[in-house]
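The values are calculated or read from the model by the stated rules, or taken from the named source; none is laboratory data. Please read these numbers as outputs of a predicted model, since none were measured by experiment. As a convention, Cβ positions derive from the backbone with ideal geometry for all residues, glycine included, and neighbour counts pool all protein chains shown. Note: areas computed on protein heavy atoms with side chains; ligands, DNA, RNA excluded. Shrake-Rupley method; radii C 1.70, N 1.55, O 1.52, S 1.80 Å.
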Amino acid sequence: MMGKRALITGIRGQDGAYLSKLLLEKGYEVYGADRRSGGSSFWRLKELGIEKDIKILYMDLLELTNIMRVIEKMMPDEVYNLAAQSFVQVSFEQPCLTSDVNAMGVLRMLETLRTIKPDAKFYQASTSEMFGKVQAMPQNEKTPFYPRSPYGVAKLFGHCITVNYRESYNMFACSGLLFNHESPLRGFEFVTRKLTDGIARIKYGLQEKIVVGNLASKRDWGYAPEYVEAMWLMLQQPEPDDYIIATGEAHSIREFVEYAFRYAGFDIIWEGKDIEEKGIDKKTGKVLLEISPEFFRPTEVDILVGDYSKAKGKFDWQPKTKFEDLVRIMVEADIERVANKRY
Ligand code: NDP
Ligand code: GDP
């Protein structure tokens, strides 16, 4: 008997890779939607050793007719909509494009499914960024939204339209409100990977220092392979619903910096204030980290911390990897890559 057919948009991304691996292990036929115009390669699928097991279809969330043909062709049982312009900072520079992909793109997917395959189960990759200027601590499924970037605003539309299609047309549509999740496959533009990659390069003399922005903001960082399992679990429940996926712990960027340098064998001391602050190697006195206004955002999300008790209660999901272990996993992976010239 053939396994279920899953379509994953954003197949080249971090979550697309881990989710593909999980679904392949569960016996799914996995189709990956690739926008083709993107510049990235299939390096993540290669790292996981699964690039030959996925059937790639060309599909861009900007093009409705393209989405219709893909859905007609493969008639999926489950659709995981992970594709997005996913970087908050870029959304301030490209608000229209971000909204077209992250908001209208979701609607295009839902409209197509409603028309062609209404019984397909649909997962929407929503985000803690929708809570933005947080209205309660910690954030749960009932916390009011207050997005602080075009990314967050567009994702909020994606979330609301997913709920609306579920309620209007009885579709099995779920929205996963996932807090930040990281891994050695995280994109280089995000602060965690920028740091762990930069630190590995500093260790091997390929880079002198790392330049970042706001060290004070706090994030609830989890481990991506555990988060994609929650996506799958949401679609296996008897009823569609929305769930927070988080660790319940918040740590600052400064803490991430300190832990990451420590795992690479550096002891960082801080000197100076605000934009003049520097992270200095205690042993050599060299400046290893500097601050630049370039990496600050017009509006910041100061803190995010999620309450995952609904997911725990409904399908027994809980985070396993602690913050310190996540940092160590990422630092070790980047040191191994740089040491073996795999970059
Ligand atoms: P990535 O940035 O790693 O991957 C996003 C993918 O979307 C990329 O493969 C990209 O293609 C693709 N994409 C971008 N624009 C389009 C388009 N117009 N049509 C089709 N595909 C497109 O993100 P993650 O894997 O980290 O995240 C997955 C999803 O979860 C995203 O929607 C993100 O916003 C959301 N999310 C992520 C969180 C996290 O911490 N990782 C937290 C909460 C939500 P290409 O490779 O060609 O550039
Ligand atoms: P986000 O939570 O989706 O915006 O994930 P990011 O990893 O892009 O940013 C997390 C936090 O790190 C935000 O508060 C940023 O302002 C902060 N930050 C500080 N320096 C940097 C940097 O150099 N790059 C990025 N991406 N974020 C930074």
Practice item. Could you list which residues have their amide H under 5 Å from that of F131, counting only those 5 or more apart in sequence or on another chain, with H placed in the peptide plane? Key: Y146
Exercise for review: Putting +1 on Lys and Arg Cβ atoms and -1 on Asp and Glu Cβ atoms, find which of Q85, M68, S20 reaches farthest to the positive end of the dipole of region 1-112.
Suggested key: S20
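Just flag the trypsin sites (Lys or Arg not before Pro) in region 233-320 sitting in loop per DSSP whose Cβ has no more than 16 other Cβ atoms within 10 Å. Mind showing how you got there, number by number?
Details: sites: R254, R262, K273, K278, K282, K283, K286, K310, K312, K314, K320; in loops: K273, K282, K283, K286, K320.
The qualifying sites are K273, K282, K283, K286, K320.
Rounded to the nearest 5, what % of DSSP beta bridges with both residues in region 150-288 are antiparallel? Mind dumping the intermediate values first?
On the way: 7 of 13 bridges.
Antiparallel bridges: around 55 percent, rounded to the nearest 5.
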Review point. Which is farthest toward the positive dipole end of region 191-343 among L288, I329, F315, measuring Cα position about the Cα centre, with Cβ charges +1 (Lys, Arg) and -1 (Asp, Glu)?
Key: L288
Check your understanding: For region 242-343, what is the convex hull volume of the alpha-carbon atoms per residue, in Å³?
Key -> 161
Point to revise | Furthest towards positive pole of dipole, P150, C174, G105, structure part region 73-207, Cβ charges | key: P150
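Taking 8 Å as the Cα distance limit and 6 or more residues as the minimum spacing, I'd like the relative contact order of region 193-343 as a percentage.
Working: 221 pairs, mean separation 53.4, N = 151.
With pairs under 8 Å counted, the relative contact order is 35 percent.
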Practice item. With +1 on each Lys and Arg Cβ and -1 on each Asp and Glu Cβ, and nothing else charged, work out how big the dipole of region 33-162 is about its Cα centre, in Debye to the nearest 20. Key: 60
Check your understanding: Can you give the accessible area of V212 in Å² (nearest 10), computed on protein heavy atoms with a 1.4 Å probe?
Key -> 10
Exercise for review: Using label points projected 7 Å from each Cα along Cα→Cβ, tell me how many nm separate Y204 and K142, to one decimal.
Suggested key: 5.1
Review point. Between F92 and K133, what length in nm is gained on full extension when 0.36 nm per residue of separation is reduced by their alpha carbon distance?
Key: 13.1 nm
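Leaving out ligands and nucleic acids, and using a 1.4 Å probe, what accessible area per residue does region 81-136 come to in Å²?
I get 36 Å² per residue for this part.
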Point to revise | On Cα atoms only, tilt of 224-235 relative to the major axis of the chain in degrees | key: 20
Point to revise | For the chain, share of DSSP beta bridges that run antiparallel, in % to the nearest 5 | key: 20
**Study point:** Inter-label distance, nm, simple model (7 Å from Cα along the C-beta direction), N164/S252
**Key:** 4.1
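Hey, what's region 201-303 come to in accessible area per residue, 1.4 Å probe, Å²?
Result: 48 Å² per residue.
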Review point. What is the gain in length, in nm to one decimal, between K312 and S40 on full extension, counting 0.36 nm per residue of separation less the C-alpha to C-alpha distance?
Key: 94.4 nm
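Test of the criteria: in region 27-109, which GluC sites (Glu not before Pro) are in a DSSP loop and have at most 13 other Cβ atoms within 10 angstrom of their Cβ? Mind showing how you got there, number by number?
Numbers: sites: E29, E47, E51, E63, E72, E78, E93; in loops: E63.
Qualifying residues, ordered by number: none.
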Check your understanding: Where the only charges are on Cβ atoms (+1 Lys, Arg; -1 Asp, Glu), what is the dipole of the chain about its Cα centre, to the nearest 20 debye?
Key -> 600
Study note, to complete from the structure: Links exceeding 30 Å between C-alpha atoms in this model, out of K46/K203; K273/K310; K4/K194; K26/K73; K73/K142, come to K273/K310; K4/K194; K73/K142
Review point. Whole-Hz Karplus ³J(HN,Hα) for region 129-135, in order, using 6.51 cos²θ - 1.76 cosθ + 1.60 and θ = phi - 60°, x for Gly and Pro?
Key: 4, 5, 7, x, 7, 5, 9
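For the chain, which whole percent of the accessible surface, found with a 1.4 angstrom probe, sits on carbon and sulfur atoms?
Working: 7750 of 15200 Å².
The value for the chain is 51 percent carbon and sulfur by accessible area.
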Revision key, fill the gap. Taking Cα pairs closer than 8 Å and at least 6 residues apart, the relative contact order of the chain in percent is 16
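With each run of n ≥ 4 DSSP H residues scored as -39500 (n - 2.57), what mean residue ellipticity at 222 nm is computed for the chain after dividing by its residue count and rounding to the nearest 500 deg cm²/dmol? Please report the intermediate quantities before stating the final value.
Working: 12 runs with 131 residues, N = 343.
Computed ellipticity for the chain at 222 nm equals -11500 deg cm²/dmol.
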Check your understanding: Among F172, F256, F266, which one moves the most in a GNM of the chain with springs linking Cα atoms closer than 10 Å?
Key -> F266
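With charges set only on the Cβ (+1 for Lys and Arg, -1 for Asp and Glu), what does the dipole of region 126-229 come to about its Cα centre, in debye to the nearest 20? Can you show the working numbers first?
Values: 13 positive and 10 negative charges, 74 e Å.
Around 360 debye, computed over region 126-229.
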Review point. In region 7-109, which trypsin sites (Lys or Arg not before Pro) are in a loop and have at most 15 other Cβ atoms within 10 Å, using DSSP for the loop call?
Key: K26, R36
Check your understanding: Where a Cα-Cα gap under 14 Å defines reach, which aspartates and glutamates qualify for K55, not counting those fewer than 8 residues away within the same chain?
Key -> E29, D34
Exercise for review: Name the residue, out of A17, A216, A103, whose mean-square fluctuation peaks in a Gaussian network model built on the chain with Cα pairs under 10 Å.
Suggested key: A216
Point to revise | Theoretical FRET efficiency, 1/(1+(r/R0)^6), r = Cβ-Cβ of D325 and Y58, R0 25 Å, to 0.05 | key: 0.10
Study note, to complete from the structure: Under 5 Å from the placed amide H of W317, counting only residues 5+ away or on other chains, we find K312
